[in-house]
Amino acid sequence: MIRFESVTKRYPDGTVAVDELTLEAPSREITVLVGPSGCGKTTSLRMINRMIEPTSGRIMLDDRDTAAVKPSDLRRGMGYVIQHAGLFPHRTILDNVATVPLLLGQDKKQARARAAELLERVGLDPAFAKRYPAQLSGGQQQRVGVARALAADPPVMLMDEPFSAVDPVVREQLQDEFLRLQHDLGKTIVFVTHDIDEAIKLGDKVAVLRVGGKLAQFAPPAELLSRPADPFVAGFVGRDRGYRALGFAEAGQLPLNDEKTVPLGDKVRAAKDIAQDDWTLVVDADTKPQGWLAVGRLPDRALDAEITPDLLNLGGTLASESGTLRAALDAALSSPSGRGVIVHDDGRYAGTVTASRVLARIEERAAKVRADAVHAAGGEHRDVAPDGIGGGR
Amino acid sequence: MGDAWNYFFDHRAEIQDWTGTTLWLAVLPVAIGLVLSLPVGWLAYRYRWSYPPIISGAGLLYTIPSLVLFVSLPGLLGTKILDPINVAVALTVYTFALLVRIVADGLLSVAPATLDAAAAMGYTTFQRLVKVQLPIAVPVIGAGLRVAAVSNVSLISVASAIGVTQLGNLFVEGFRQGRTPPTIVGLVLFIVIAVVFDAAILLGIRLLTPWRRAVAAR
Amino acid sequence: MKMSVVAGGNGLPGLDRVPIWFNDPSNWWGPDGLVVRTREHLLYTGTVVLVAALIALPLGLLVGHTGRGVFVLVGLANGLRAVPTLGLLILLAVWISDHLQTKTDIPYFIRAGGLPYFIAALIVLVLLALPPILTNTYAGVQNVDPAARDAARGMGMTGFQVLRKVEFPCALPLIMSGLRSATLQVIATVAVAAYLPFLGGLGRFIIDGSQVILDLKYGYPAMLAAGITVALLAVLADAALSLVQRYVVSPGLSGRNSKRSARRQIAILDAEAQLADA
C-alpha cells in the first residue's frame, strides 16, 4: 500500500506543485492520478520513488517511511515506466530488460533468462531480444519498458503516461494487455495519465487533481461518473457520463431470445425458412456467430445458393453474457436486425436481446441506485432486505 | 611586465608591420574559406550521394598538419618558401575544410516540418534556402566560424618555425635571446587579435539572428 | 600548378627530389633517420593524448553529468584554443630551461640536455589536446536521451552508476570523435614542437631543413618527405581510431542515419554557441 500523508511540494520560486495531498493507494490495485497540465500528478508520482523530494509530509510504503530508505534501494524495489520508455540505446533489448536484476546482483544467465520470459509475456517476438531500441517502433519500445519494469518482480509499479506517446490503436492494445497482465500479477500500481477515459478504463480507484496540486476527488471510476464531487470534476470527466457509467454495470441475467440460427454452408433457403423477420443469424461449426444474413427480399434463384461469409452483414457487435450493460446495449443498437447477439465467454452463441429489453434492465438498475442514494442522503440506516430495493449497491 | 612594455615601445615600428601581416592573414582566409564552403556545403546537403565523398575529402584536408601545408605549398604553387601567401592559402584550406561539414550539417539540421511549412506557403527552393534554412543555420555556422577564426590565428605563429615574417617573429626573437619580454608581447598581441576577431564574429551572429535574443530575454 | 624540376621559379629543389630522398636508405636508418623520428613522433603523440584524456575525460564526464561548471569548461576550452602554440612553447621553454639544467635523458623520448624543452613541449601539447576532448565529452554526455537517464535513476542506479552504465557508453561516439580530433591536433603540433632543440619527431626534419633549404639531402626535399610522412601518419592514426570506435561503440548507437550524427556535431557547437552567447 502507498499512502500520501499531507504531502506538499513547493518550489523555491513559490509555485506549489502538490498541495497537502492525502490518499492511500491500495495494495494490488491500480490507482490512477489524473488531471490537467500542472495539477501535480507526475510530481506526486515522482515523489513516491524520491526522484523529487517532498517539501513536507511523508509517503508511506506499507508502513515504512520512504524517506528512511536509501533512494537507490527504494527504487530497485519499484518498477518505473515512463512516457518515452527511456530504453538504453546502447544495450540490446534483452540486456535492457535484465537491467534491474543485474543491478541487484543476480547471476547474468538467470537474469537474461527471466528477461526472455518477460519479453514473451508482454507480447514481443523472441527475435527482438538481440535487437537494439533504435530498431523498434514506439509501441514495441513501450512494451520493452514495461517488461524492464517487471524484471525484478517488484511489488510496486510507477507508471507515468506510459501509453501516451503511441497512436490510439496501439494504445488500446497496450491498455488491454496491461489489464490482462495486472490480472495475472496483482501489483500495486500508481498510474499517471492526462486522459480521463484511460483513467476510467484502467483504474480501480481514480484520483482527480486540479491545477495547483489539490485533490478534487478520489473514488472508484463508477462513482466518479455517477457522483462527481464538484463542477471541476464533472467538467473534467466530460460528457456521456450516464452512458459511460453503463460500462460498469454488469449485464447480469438479461432475458435472452433463444432464436434459431443457421450454420455456414447450409442453403440460403434454410435461413429463410426459419427467419422470424428479414434477418437470420449465421453461425460456424462451433456455434460462434459469423454475421447476419438478409433474407427479406431475395429472388428465388438466390435461395439455392450456399451461405458463404461474403453474403453476411457484419454490422453488429457481440456482447458477452458476463459483460456490461453498455456492451449489451451497443450490440442491440448496432445489429442490422435490431437484436443484439450475446455470446458465452468462450464465444459460442447464447441468445439475442432487443434494445428495449436492455433498456428495461437499465432502468430497473437505475431505480435501485436512486433509491440507495436517497437512503444514503437521508442518513437512515436500514437493514438490507435480501431481494428488496436496498439490496443493490 | 615592465620589460615587456619597454620592448613593445622600442620595437613599435616592426611590430606594427608584423601586426598588419598577421591581421590580413587572420581575416582573409576565414572570409574566403567561408565563401567557398557555402556552395560546397550546400551541394553535400542537396545531393545526398555527394555527402560522404565531400565530407570525407574535407576531413582529409583538415587532417593535413599546418606546418606540412606551409612547407608543401611552395613546392605545389611555386611560391617562395618565405612568402606569407603560403600561410594564407593553407588557412583558407583549413577554414574551408572545417566549415563545409558544418554548413552541410547545419542545413540538414533544420526541421523538415519547418521546410514543409515554407514550401506550402509558396517559397521556392532558393527562397527556402536563403530565407529559412540559412538563417536557422547561422548560429551553428557562426559557432564553427568562431572556432575556425580563433584556431587560425594561433596557427599563424607556427609559420615562424620556418621563417615566415609576422608577429610570430616576436617568439623567434624571444627564443634567440633567451628572454621572455618579446614572447610575452607576442602572446598578448595574438590573444588580443583572436579575442577581437571572435567578438566581431559573435556580433555578426547576433545581428543576423535577432530572434534568439528575444528568446533568451524571456 | 607548376612542377618545377631542379631550380624552379621559386628557387627550391623540385618535387621530383622527394622520391629520390625516400629511396635513399641512409635517410631511413640511423639515430636521426625517418624510422627513429617517426617512432619518437608516435611516442610523443601517444603520451600527450593519454595524459590529456586522463585529465579531460573525467572532467568532461563530471561536468556533463552534474551540469555544473559548464561555463568554466567552455570558457577554458575556448580560451586554450586562442593561445598561439609556438609562443607558449617558447615562453615555457625559456622559463623552464632557466630554472632546470640537467644532463638526464629519457630513452626513446629525449636525449641528454633536452629535458627542459621536452617538459615545455609536453605541457603545451597537453593543453592543446584538452579542448577537443573536453567539449566532445561534455556534449556527448549532454546528448544522452533524457528519458534514458530518468529511467536509469528511476530504476535505482546511483549517480555514479548512471554515469558509468548509461551516460558514458552513450556518449562514446562523441568522446571517440573528440579523441580523434585531439590526436590529429597533436600529431600536427608535435612537428612544430621540434622548433625547440633536442626534441625529436618528424618535425626535426622540417625545422632543421628550413635552415639549409637548398640542400638536396637535408633541405627542402627532406622537409617535404617528412611532411608527407606526418600527413600519412595523421591519416593512418585517424583510420585506426575510427576502427577502434567501431569496436568500442555499441552497435545500437551507430548513427548510420546521418541526420543523427549531424545533430551530434551541431550539439557540440551549439553548446558552445549558446553558452558563449550569454
Would you say B:Leu134 is in a helix (DSSP H, G or I) and surrounded by 19 or more Cβ atoms within 10 Å (Cβ to Cβ)? no
Selection from region B:79-96 of residues that are open to solvent by 10 Å² or more (accessible area, probe 1.4 Å), of a type in the set (S, T, N, Q) and at pLDDT 90 or above: B:Thr92
Considering each of C:Arg39, C:Arg68, C:Arg17 in turn, give the residue that is over 30 Å from C:Pro169 (Cα atoms), away from every other protein chain (no Cβ under 12 Å) and open to solvent by 60 Å² or more (accessible area, probe 1.4 Å). C:Arg39
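If I filter region B:104-131 down to residues being buried (at least 16 other Cβ atoms within 10 Å of the Cβ) and outside any helix (DSSP H, G or I), which single residue comes out as farthest from the other protein chains (Cβ to nearest Cβ)?
As a first pass, look at region B:104-131 and keep what is buried (at least 16 other Cβ atoms within 10 Å of the Cβ): B:104-110, B:115, B:118, B:123, B:128-129.
So of that shortlist, the ones also outside any helix (DSSP H, G or I) come out as B:109-110, B:123.
Values: B:Ser109: 5, B:Val110: 10, B:Tyr123: 22 Å.
The qualifying residue farthest from the other protein chains (Cβ to nearest Cβ) is B:Tyr123.
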Anything in region B:31-62 that is open to solvent by less than 10 Å² (accessible area, probe 1.4 Å), within 19 Å of the chain's Cα centre (by Cα) and within 14 Å of another protein chain (Cβ to nearest Cβ)? List them, or say none. B:Gly41, B:Ala58
Members of region A:152-167 that are within 11 Å of chain C (Cβ to nearest Cβ) and modelled with pLDDT under 90: A:Ala152, A:Ala165
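For every residue, the table says whether it meets (1) in contact with a His (Cβ under 9 Å, 6 or more places away or on another chain); (2) basic (Lys, Arg); (3) more than 24 Å from A:Asp330 (Cβ to Cβ); (4) modelled with pLDDT of 90 or more.
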| position | (1), (2), (3), (4) |
| --- | --- |
| A:His194 | no, no, yes, yes |
| A:Glu198 | no, no, no, yes |
| A:Gly203 | no, no, no, yes |
| A:Val211 | no, no, yes, yes |
| A:Ala216 | no, no, yes, yes |
| A:Ala219 | no, no, yes, yes |
| A:Ala222 | no, no, no, no |
| A:Leu225 | no, no, no, no |
| A:Val237 | no, no, no, no |
Filter region C:103-149 for residues that are open to solvent by 30 Å² or more (accessible area, probe 1.4 Å), in contact with an Asp or Glu (Cβ under 9 Å, 6 or more places away or on another chain) and not in a loop (DSSP other than H, G, I, E, B) and give the result. C:Leu115, C:Arg149
Do we find that A:Pro162 is over 19 Å from A:Phe191 (Cβ atoms) and not basic (Lys, Arg) in this structure? no
When B:Ser151 is evaluated against the numbered criteria (1) open to solvent by 30 Å² or more (accessible area, probe 1.4 Å); (2) within 13 Å of chain C (Cβ to nearest Cβ); (3) assigned to a helix (DSSP H, G or I), which criterion, by number, is the only one it fails? (1)
Go through (1) within 25 Å of A:Asp19 (Cβ to Cβ); (2) charged (D, E, K, R); (3) open to solvent by 40 Å² or more (accessible area, probe 1.4 Å) and name the single condition A:Lys41 misses. (3)
If you scan region A:196-215, which residues turn out to be under 21 Å from A:Glu24 (Cα atoms) and either surrounded by fewer than 18 Cβ atoms within 10 Å (Cβ to Cβ) or among the basic types (Lys, Arg) (or both)? A:Lys201, A:Asp204, A:Lys205, A:Arg210, A:Val211, A:Gly212, A:Lys214
Within region A:71-101, tally of residues that are under 24 Å from the mean Cα position of the chain (by Cα) and more than 7 Å from chain C (Cβ to nearest Cβ): 4
Restricting attention to region A:91-106, does a residue exist that is open to solvent by 60 Å² or more (accessible area, probe 1.4 Å) and closer than 22 Å to A:Leu33 by Cα? no
Can you tell me which of (1) in a helix (DSSP H, G or I); (2) away from chain A (no Cβ under 14 Å) is the one C:Gly252 doesn't meet? (2)
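State whether one or more residues within region A:239-253 are modelled with pLDDT of 85 or more and not hydroxyl-bearing (Ser, Thr, Tyr).
Start the filter on region A:239-253 by keeping residues that are modelled with pLDDT of 85 or more, which leaves none.
No; the residues of region A:239-253 include none that is modelled with pLDDT of 85 or more and not hydroxyl-bearing (Ser, Thr, Tyr).
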Please give the strands (runs of 3 or more DSSP E) falling wholly within region A:187-269 in which 2 or more residues are under 30 Å from A:Arg339 (Cα atoms). A:261-263
Quick check on my filter: what residues within region A:111-140 are open to solvent by 50 Å² or more (accessible area, probe 1.4 Å), within 13 Å of another protein chain (Cβ to nearest Cβ) and under 20 Å from C:Ala147 (Cβ atoms)? A:Arg131, A:Ala134, A:Gln135
Six or more apart or on different chains, Cβ atoms under 9 Å: show the pairs whose first residue is in region A:329-357 and on the phi > 0 side of the Ramachandran plot and whose second is assigned to a helix (DSSP H, G or I) and of a type outside the set (Ser, Thr, Tyr). A:Gly338/A:Ala332; A:Gly338/A:Ala355
For residues in region A:270-325 being under 34 Å from the mean Cα position of the chain (by Cα) and open to solvent by 80 Å² or more (accessible area, probe 1.4 Å), which is farthest from A:Asn257 (Cα to Cα)? A:Asp310
Pairs with Cβ under 8 Å, 6+ apart, first in region C:143-167 and at the interface with chain A (Cβ under 8 Å from one of its Cβ atoms), second acidic (Asp, Glu): C:Arg149/C:Glu167; C:Gly156/A:Asp73
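Name the residue, out of C:Ile207, C:Ile187, that is within 21 Å of the chain's Cα centre (by Cα), at pLDDT 90 or above, part of a helix (DSSP H, G or I) and within 11 Å of another protein chain (Cβ to nearest Cβ). Before you say what the answer is, go through the steps one by one.
On the way: C:Ile207 fails: at pLDDT 90 or above.
Going through C:Ile207, C:Ile187 in turn, just one is within 21 Å of the chain's Cα centre (by Cα), at pLDDT 90 or above, part of a helix (DSSP H, G or I) and within 11 Å of another protein chain (Cβ to nearest Cβ): C:Ile187.
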Of the residues B:Arg101, B:Arg176, which is open to solvent by 50 Å² or more (accessible area, probe 1.4 Å) and either within 9 Å of chain C (Cβ to nearest Cβ) or in contact (Cβ under 8 Å) with a residue 12 or more places away in the chain (or both)? B:Arg101
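The values are calculated or read from the model by the stated rules, or taken from the named source; none is laboratory data. Every value quoted in this text rests on a predicted model; they were computed, and no experiment measured them. Every residue, glycine as well, gets a Cβ built from its backbone with ideal geometry; the counts of neighbours run over all protein chains shown. Heads up: the accessible areas ignore ligands, DNA and RNA and are worked out on the full protein's heavy atoms, side chains in. Shrake-Rupley method; radii C 1.70, N 1.55, O 1.52, S 1.80 Å.
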